[in-house]
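Structure record follows, encoded as structure tokens.
The values are calculated or read from the model by the stated rules, or taken from the named source; none is laboratory data. As the structure is a prediction and not an experimental result, all values here were calculated from the model. Using ideal geometry, Cβ is built from the backbone for each residue, glycine included, and neighbour counts are taken over all protein chains shown.
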Ligand SMILES: [Zn+2]
């Protein structure tokens, strides 16, 4: 029953507060993104991107940062280094809450404001322009609030963004090594070569002993190598929105 309700919630979110744009199949854009973000993604994932002079998008939930009372997933140093290496920092809410369990718009806007204010404390010369839904949970209410602040929102629905695209529900491909083998990635990339559009990869940890939601550095580097070899254009989310001329609150 709960699963069914969540499916309905997603469906309603799907048809609400859209930001529709067209991405032509002539485009061959690829983006590497990370959610939460674990230290190993900053250090190993970010390190691999840096080695190839590439920029990714890191969707950060500041409640997951290390502080005096808790170990956390990442440090302020990770964020600084990531930004100084030319990557994009983006929002993944503050408390990484479940939108499916949230009925209060005020709670959502306070949580997003908290993430922004924590980010401002870092004194980096940038703002968070893009967003990804924790657990991929989209609701009508979530979309209503996030679209006011962010140019794009990435969900977890699998696929490539091509043709008519909702920029508040961008599709993505998991770089989960235990789920998407390199052979599967080859197949995805070869389909992408024909169909084009914007292919967004996402993962969490990038370490030798990877979680069900992550991958090893060797796997990540292999995927980056395949994308470079295929000569696709590799950009972070913000750079893609510039290329596609997508603006916040463009079309609803
Ligand atoms: Zn997350």
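Results, tabulated for the structure shown:
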| quantity | calculated |
| --- | --- |
| Some residue of region 177-198 being outside any helix (DSSP H, G or I), away from the ligand (no atom under 16 Å from the Cβ), more than 17 Å from the chain's Cα centre (by Cα) and touching a residue at least 60 places away in the same chain (Cβ under 8 Å) | yes |
| Filter result for residue 145 (crowded, with 18+ Cβ neighbours inside 10 Å and out of contact with any helix residue (DSSP H, G or I) (no Cβ under 7 Å at 6 or more places or on another chain)) | no |
| Yes/no for residue 114 being in contact with a helix residue (DSSP H, G or I) (Cβ under 9 Å, 6 or more places away or on another chain) and not in a strand (DSSP E or B) | yes |
| Answer from 103, 120 - the residue that is more than 15 Å from the ligand (Cβ to nearest atom), under 30 Å from residue 54 (Cα atoms) and surrounded by fewer than 19 Cβ atoms within 10 Å (Cβ to Cβ) | 120 |
| Test set (1) at pLDDT 95 or above; (2) touching a strand residue (DSSP E or B) at 6+ places or on another chain (Cβ under 9 Å); (3) within 17 Å of residue 235 (Cβ to Cβ) - residue 86 fails condition number | (2) |
| Residue that is surrounded by the fewest Cβ atoms within 10 Å (Cβ to Cβ), among those in region 158-176 that are within 12 Å of the chain's Cα centre (by Cα) and outside any loop (DSSP other than H, G, I, E, B) | 174 |
| Selection within region 199-210 - part of a strand (DSSP E or B) and either out of contact with any helix residue (DSSP H, G or I) (no Cβ under 6 Å at 6 or more places or on another chain) or away from the ligand (no atom under 16 Å from the Cβ) (or both) | 199, 200, 201, 202, 203 |
| Residue that is farthest from the ligand (Cβ to nearest atom), among those in region 127-142 that are assigned to a loop (DSSP other than H, G, I, E, B) and more than 10 Å from the chain's Cα centre (by Cα) | 127 |
